[in-house]
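Here the structure comes first, spelled out in structure tokens, and everything after it is commentary.
Every number here is computed from the coordinates shown, using simple stated rules; none is lab data. In this text, all values refer to a predicted model and were calculated from it rather than measured experimentally. With ideal geometry, Cβ positions are generated from the backbone for all residues, glycine too; neighbour counts draw on all protein chains shown.
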Amino acid sequence: MMFVEVFTPRGTLNAEQRRQIGERLLADLMSVPEAPASVIEAGKALCQVVVHEPDVWTVGGKPVGPESAPRYVVRASVPGGWAADMSDHLIKAFTATLADIENDAERLFRESDAWVQVVAMPDGAFGTLGKAMTSNDVVRMMTQAFREGADGELPAPPPGKAIDPICGMTVPLSGSALTLEHEGETFAFCSHGCRAVFAEDHGIAIPA
């Protein structure tokens, strides 16, 4: 589950701009072109984007309003195990999305008027269906359709690459690849989250 809140002073954005921000930030969250469609759609279903327009906003003790240069704060709350993998991407992508609605597309890269916070939610501090959940639980929800469809059979990967057995992404077998050994076979993963789920499901200790 990923929860994104956008704060901007009241009157800064019109209804169409607010809609565009909501759609674009959702696309930024799930911009994984090599992931199977079922994983992308399941991931989108777990993402929530809300645009807030507070009545009161001050910076340095001074009020900010429509007559000021637009300011933005974006807070993305993600499962704690994902934060390290996602933070750099989200900060860059969210800033670029906000810059696209500005008259001066470079302003937010010169002036610190857009702040992005990526907040790691500890396991058990979020949940659905009436129960607390972990990062691994969310990965399982997002990848359930792929894993059930694959039924243990993965497509043949291109040379020098492997198929992540949890989410179906094609990942390079480079020196920095996230891998695990299981029953004499090497498996590669797109993220620490997918590797953690595989390890948990197969009783494998992840090397420190």
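Tabulated values for the structure
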read-out	value
Selected from D164, D55, D137 as most flexible by GNM, with the chain as the system and alpha-carbon contacts under 10 Å	D55
Among P165, P70, P54, residue whose mean-square fluctuation peaks in a GNM of the chain (springs only between Cα atoms under 10 Å)	P54
Contour excess over end-to-end distance, with Cα ends at Q48 and L129 and 0.36 nm allotted per residue	27.6 nm
GluC sites (Glu not before Pro) within the range 157-191, DSSP loop, no more than 14 other Cβ atoms inside 10 Å	E183
Total charge dipole magnitude, the range 1-92, about the Cα centre, Cβ charges on Lys, Arg, Asp, Glu only, Debye to nearest 20	260
Phi to ³J(HN,Hα) by Karplus 6.51 cos²θ - 1.76 cosθ + 1.60 over the range 13-24, Hz, x for Gly, Pro	10, 8, 4, 5, 5, 5, 5, 4, 4, x, 5, 5
The chain: relative contact order as a whole-number percent, Cα under 8 Å and 6+ apart	21
For P54, net neighbour charge (Lys/Arg +1, Asp/Glu -1) across residues whose Cβ lies under 12 Å away	-1
Which of P155, T8, S176, positive extreme of dipole for the chain (C-beta unit charges)	T8
Within a Gaussian network of the chain (alpha carbon springs, distance under 10 Å), most fluctuating of G61, G124, G22	G61
Mean ellipticity per residue at 222 nm, deg cm²/dmol - from DSSP H runs of n ≥ 4 across the chain, formula -39500 (n - 2.57)	-11000 deg cm²/dmol
Low-density loop cleavage sites - GluC sites (Glu not before Pro) in the range 1-94, where at most 15 other Cβ are within 10 Å (DSSP)	E34, E67
Size of charge dipole - the chain - debye, nearest 20, with Cβ of Lys, Arg +1 and Asp, Glu -1, no other charges	540
Fully extended contour minus Cα-Cα distance, from T58 to S31, at 0.36 nm per residue	6.4 nm
Pairwise label distance in nanometres, A205 with A84, each label 7 Å out on the Cα-Cβ vector	1.8
